[in-house]
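Notes to accompany the following structure.
The values are calculated or read from the model by the stated rules, or taken from the named source; none is laboratory data. None of these values were measured; they are calculated from a predicted model. Here the Cβ positions follow ideal geometry from the backbone for every residue, glycine too, while neighbour counts run over all protein chains shown. Just the protein is used for accessible areas: all its heavy atoms, side chains included, with ligands, DNA and RNA removed. Shrake-Rupley method; radii C 1.70, N 1.55, O 1.52, S 1.80 Å.
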Amino acid sequence: MGEFDVVIIGAGPAGSVAAHVLAGSGRRVAVADRAVFPRSKLCGGLLTWKSVRLLETTCGLDLERLRAEKAVHHQSSAYFVYGSGSLVARGQLPFPFHFSDRSILDRCLLDVARQSGAQVFEGCRAVDCEPNAGTVICADGTVLRGKFIIGADGVNSVVRRHMPFFGHMRGMWRSYLAPAMEARIPADRFPRRVIDPELHVGRIRDGYGWVFPGNDHVLAGICGLRRSNGNFTSLFRDFIRDLGVADPESVHPGAYPLPYGNYCMNPCHGRAMLAGDAGGFVEPFLGEGIFFAMATGYCAARAIADNGDDPVQAAAAYQDMLNRQILPEIRGSDRLRCFLFHSIAAMGTGWLSLFMRIFGSRLAQTVHGMRSYAWTRAKQWDFLG
Ligand SMILES: Cc1cc2nc3c(=O)[nH]c(=O)nc-3n(C[C@H](O)[C@H](O)[C@H](O)COP(=O)(O)OP(=O)(O)OC[C@H]3O[C@@H](n4cnc5c(N)ncnc54)[C@H](O)[C@@H]3O)c2cc1C
């Protein structure tokens, strides 16, 4: 039995940022992850301005250090949007998109948490959780008890499944879980050089495809709601065939679910809180999750650090931060997603070039977090300095 102030399940971006903040404020913190790091994580690795900023302000990981660690391998100052195969828009970005290697980035974040004093349990899979008692049981029999639990164990969270409120939202959770499929294709198998990221709309309903640059590869992927689309493996193969990849059957994509509009509005119960994918905190227009994982991990940790040992007050403080900073972004991007994807379904993609000429630069600032998805007003983040 291990006794801690806070037990964090999952050492992805949400769990590691939370662990770093809490250990840095003098709490006894345990972080348990079923994997041994570095571990792979299926992800495009795209970092927006707000992600880069949060990595620096919260964890001291600036771009220079991320490049030196090879956690960031590429950056792009422009983007391309294709509608049903034709180029409909290209634009310059107000800040470059940075592309990260998730196995290295997540290892760096966990190292930061460890250096702050968090005790890390690798290869420790949580199988049971009691949110009121603050207890987590792992597959190897380890029992971790904390005054608080942070469930940062990703989209298939064990902690979330033990939260009583989840019973009422199970159907909604399932229907807004988007299958995402992605493959790393060697650059010499791709028909052209990719320097800037591409978004492909009109092919996947309620979703989209992407092509991201890399040093010696490109990452091609698709995601979308299952109920609107057919077989994802066929959709993926058709997508890369149309991109010009020869013999698409020989490309074997990885698949992983992505929360895509199924966030928990009140993610606390008893001594437990959810952060990151575990709470569905992913921006549901482009599926950006790294920032929202780190941001909700940070908010949950701050709420605990600032509220003594009182779970009711800490939950209220976390809820308040979510209501002010995070949920308006998720709701706003959900509205944008509905508008854009329904309009594409109704009218095709021809009108997108006019839309992007008028709104492209504002949209790019919004994706980066310089403007809010809540009607694209200038955005003030409490925690980005
Ligand atoms: C194909 C794809 C592409 C994506 N591309 C992007 C992108 O380009 N940019 C972006 O911002 N976001 C992207 N995302 C989303 C992003 O990957 C996630 O939102 C982000 O990883 C969430 O971080 P997290 O810390 O909440 O969860 P995770 O990163 O999933 O970490 C959860 C951790 O919990 C551990 N865990 C799980 N279960 C247990 C258990 N029972 N016990 C102990 N440990 C457990 C796991 O091993 C893992 O380390 C993409 C997602 C997919 C699927």
I need the full set of residues from the range 143-161 which are more than 11 Å from the ligand (Cβ to nearest atom) and farther than 26 Å from residue 102 by Cα, in order please.
143, 145, 146, 147, 148
Does the range 259-272 contain at least one residue that is more than 10 Å from the ligand (Cβ to nearest atom), open to solvent by less than 10 Å² (accessible area, probe 1.4 Å), farther than 23 Å from residue 332 by Cβ and at pLDDT 95 or above?
yes
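Can we say residue 256 is in contact (Cβ under 8 Å) with a residue 24 or more places away in the chain, among the aromatic types (Phe, Trp, Tyr), surrounded by fewer than 22 Cβ atoms within 10 Å (Cβ to Cβ) and touching a strand residue (DSSP E or B) at 6+ places or on another chain (Cβ under 8 Å)?
yes
Buried (at least 22 other Cβ atoms within 10 Å of the Cβ) and more than 15 Å from the ligand (Cβ to nearest atom): does that describe residue 374?
On the way: buried (at least 22 other Cβ atoms within 10 Å of the Cβ): no; more than 15 Å from the ligand (Cβ to nearest atom): yes.
In short, no.
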When the range 321-354 is checked residue by residue, the ones that are in contact (Cβ under 8 Å) with a residue 12 or more places away in the chain, more than 16 Å from residue 284 (Cβ to Cβ) and open to solvent by 20 Å² or more (accessible area, probe 1.4 Å) are 321, 324, 345, 348, 350, 353
Pairs only if they're at least six apart or on different chains, beta carbon under 7 angstrom, first in the range 231-242 and free of Cβ contacts under 8 Å to residues at least 60 places away in the same chain, second part of a helix (DSSP H, G or I); list them, first residue then second.
237/248; 237/249; 240/248; 241/248
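Looking at the range 81-104 only, could you name the residues that are among the aromatic types (Phe, Trp, Tyr) and either modelled with pLDDT under 95 or open to solvent by less than 40 Å² (accessible area, probe 1.4 Å) (or both)? Walk me through it before giving the result.
We begin by selecting, within the range 81-104, every residue among the aromatic types (Phe, Trp, Tyr); these are 82, 95, 97, 99.
Of everything in the range 81-104, those that are among the aromatic types (Phe, Trp, Tyr) and either modelled with pLDDT under 95 or open to solvent by less than 40 Å² (accessible area, probe 1.4 Å) (or both) turn out to be 97, 99.
Go through 295, 301, 317 for me and flag whichever is among the small types (Gly, Ala, Ser) and under 17 Å from the mean Cα position of the chain (by Cα).
Numbers: 301 fails: under 17 Å from the mean Cα position of the chain (by Cα); 317 fails: under 17 Å from the mean Cα position of the chain (by Cα).
Within the list 295, 301, 317, the selection yields 295.
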(1) part of a helix (DSSP H, G or I); (2) β-branched (Val, Ile, Thr); (3) in contact with a Leu (Cβ under 9 Å, 6 or more places away or on another chain) all hold for residue 312 apart from (3)
It is to be established whether one or more residues within the range 367-377 are touching a Leu at 6+ places or on another chain (Cβ under 7 Å) and either under 28 Å from residue 88 (Cα atoms) or in contact (Cβ under 8 Å) with a residue 12 or more places away in the chain (or both).
yes
When (1) among the small types (Gly, Ala, Ser); (2) open to solvent by less than 30 Å² (accessible area, probe 1.4 Å); (3) in contact with a Leu (Cβ under 8 Å, 6 or more places away or on another chain); (4) away from the ligand (no atom under 16 Å from the Cβ) are applied to residue 178, the one that fails is (4)
Exactly one condition in (1) within 30 Å of residue 218 (Cα to Cα); (2) open to solvent by 10 Å² or more (accessible area, probe 1.4 Å) is false for residue 122; which is it?
(1)
In the list 22, 66, which residue meets the criterion of being in contact with a helix residue (DSSP H, G or I) (Cβ under 9 Å, 6 or more places away or on another chain), in contact (Cβ under 8 Å) with a residue 24 or more places away in the chain, under 22 Å from residue 6 (Cα atoms) and of a type outside the set (Gly, Ala, Ser)?
22
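Applying the selection to the range 25-77, what residues are assigned to a loop (DSSP other than H, G, I, E, B), among the β-branched types (Val, Ile, Thr) and open to solvent by 50 Å² or more (accessible area, probe 1.4 Å)? Please lay out each step first, then the result.
Taking the range 25-77 as the starting set, the residues that turn out to be assigned to a loop (DSSP other than H, G, I, E, B) are 25-28, 34-45, 48, 60-62, 69-71.
If we keep only those that are among the β-branched types (Val, Ile, Thr) too, we end up with 36, 48.
Once the filter is applied, which keeps residues that are assigned to a loop (DSSP other than H, G, I, E, B), among the β-branched types (Val, Ile, Thr) and open to solvent by 50 Å² or more (accessible area, probe 1.4 Å), the range 25-77 yields only 36.
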Let me spell it out: the conditions are (1) in contact (Cβ under 8 Å) with a residue 12 or more places away in the chain; (2) hydrophobic (A, V, I, L, M, F, W, C); (3) open to solvent by 10 Å² or more (accessible area, probe 1.4 Å); (4) not in a loop (DSSP other than H, G, I, E, B), and residue 292 meets all of them except one. Which number is the exception?
(3)
Quick check, is residue 277 assigned to a helix (DSSP H, G or I), within 11 Å of the ligand (Cβ to nearest atom) and not aliphatic (A, V, I, L, M)?
yes
Residue under question is residue 153, and the condition is that it be acidic (Asp, Glu), in a loop (DSSP other than H, G, I, E, B) and surrounded by 21 or more Cβ atoms within 10 Å (Cβ to Cβ); does it hold?
yes
